[in-house]
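Data first, discussion second: the structure below is written as structure tokens.
Readers should treat all values here as calculations from the given coordinates under stated rules, not as data from a laboratory. Please read these numbers as outputs of a predicted model, since none were measured by experiment. Every residue, glycine as well, gets a Cβ built from its backbone with ideal geometry; the counts of neighbours run over all protein chains shown.
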Ligand SMILES: [Mg+2]
């Protein structure tokens, strides 16, 4: 079996107004992402999705599209799609970083291999270690107090038992918002915060201490990307478990986090890490060092959400039972891009047991949503 064609399609889907996201990284109202379609010489098709955001990884929809069409695509034509490690090594040789587009290509290869072998991707990854029904948390934007409080009550009524609140702005506003959410959801549900690198260590320590009565379950990426010492200091000087997210793209980042005792948990997902195989490798490495992992997100559609789900189902150290992750992206968007969308009911996202990723892109619909200026 050989790769015969690699196609890239930039697609635009707006978020539903009530799901507009606001964090220390800015506003997210429209998703301009890249869909990948890889075809083999025996007619099997695989799909991938690159959820590129310039403020997050530095990748843009234009750059990702060009890289897929002009650099990576031509380089892998004729290769055996089953050699996923070989494809990752080749992509890393010809292009630095660009994790999301590499992940989209890799995801499409897993889809092809699964379809060729008649197995869901979680079986290719070693078989299921947990249910295909995945309980997630809801990630709430950094809204002003009244809206945050109203949204928190809605989320409880939808069945969410873990609520994440975006912080990382002005400490007084962040503290007021998180306090209001704790009041709104009552004492029993889990409340976690995510600063997306928005604080320095002093501010993070101040805010976490000020929020002691809110009984935070987790503080996600309180400090700047690349500053391992700051993250380690927050962990030493507070009692809330620290999750590393924005600082951990590649395997070497995870090595540094663990070497420097920076965190209790690492947030992973295939897009950010440059592939399902890389996320799995990081999760297993972290597990050997007693560090749990969970799933993160940057608002995926169904294809990349499916890839996340297969990782969770197959990898023991994706500890979503203790640290529920973000696996809810398709619901934020106006349109679902696949023929049979993943089942997402309240906080539960269910991964298909069909071969490959278990979702089929509606290419006709996708074409009609082609990003107008890409
Ligand atoms: Mg995060």
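If you bin every alpha carbon distance in region 273-343 into 10 Å steps from zero, what whole percent lands in each bin?
Taking every Cα pair in region 273-343, the percentages come to 20, 49, 25, 5, 0.
Please give the residues of region 1-26, grouped as numeric ranges, whose backbone N is less than 16 Å from a label point set 7 Å along the Cα-to-Cβ vector of residue 82.
Answer for this model: 1-4.
Could you please rank 99, 56, 199, placing first whichever residue has the fewest other Cβ atoms within 10 Å of its Cβ?
So the ranking, lowest neighbour count to highest, is 56, 99, 199.
Which value, in Å to one decimal place, does the Kirkwood hydrodynamic radius take for the chain when every pair of different Cα atoms is included?
Hydrodynamic radius (Kirkwood, Cα pairs) of the chain is 20.5 Å.
Fully extended, how many nm does the chain gain between residue 97 and residue 213 (0.36 nm per residue separation, minus their Cα-Cα distance)?
37.7 nm
What is the ratio of the Cα radius of gyration of region 1-141 to 2.2 N^0.38 Å, with N the residue count, to two decimals?
My calculation over the Cα atoms of region 1-141 gives 1.14.
With label points built 7 Å along Cα→Cβ from the Cα atoms of residue 147 and residue 55, find their separation and express it in nm.
The modelled label-to-label distance comes out at 1.3 nm.
Just to be sure I follow: if Rg is taken over the C-alpha atoms of region 180-266 and Rh is the Kirkwood radius over the same atoms, what is Rg/Rh?
Numbers: Rg = 12.9 Å, Rh = 13.0 Å.
Ratio value, two decimals: 0.99.
If I build a Gaussian network model for the chain, linking alpha-carbon pairs within less than 10 angstrom, which residue out of 164, 343, 319 has the largest mean-square fluctuation?
Largest GNM mean-square fluctuation: 343.
Which ordering of 331, 242 is given by a fewest-first count of other beta-carbon atoms within 10 Å?
331, 242
Within 10 Å of each residue's Cβ, count the other Cβ atoms and sort 1, 243, 53 from fewest upward.
Ordered from fewest to most neighbouring Cβ atoms within 10 Å, 1, 243, 53 come out as 1, 53, 243.
Residue 5 to residue 129: FRET efficiency via 1/(1 + (r/R0)^6), r the Cβ-Cβ distance, R0 30 Å, to the nearest 0.05?
E(calc), rounded to 0.05, equals 0.30.
Please list 365-372, 277-284, 117-124 highest first by mean number of surrounding beta-carbon atoms within 10 Å per residue. Let's see the in-between values first.
Numbers: 365-372: 13.9, 277-284: 22.4, 117-124: 19.2.
So the order, starting with the most tightly packed, is 277-284, 117-124, 365-372.
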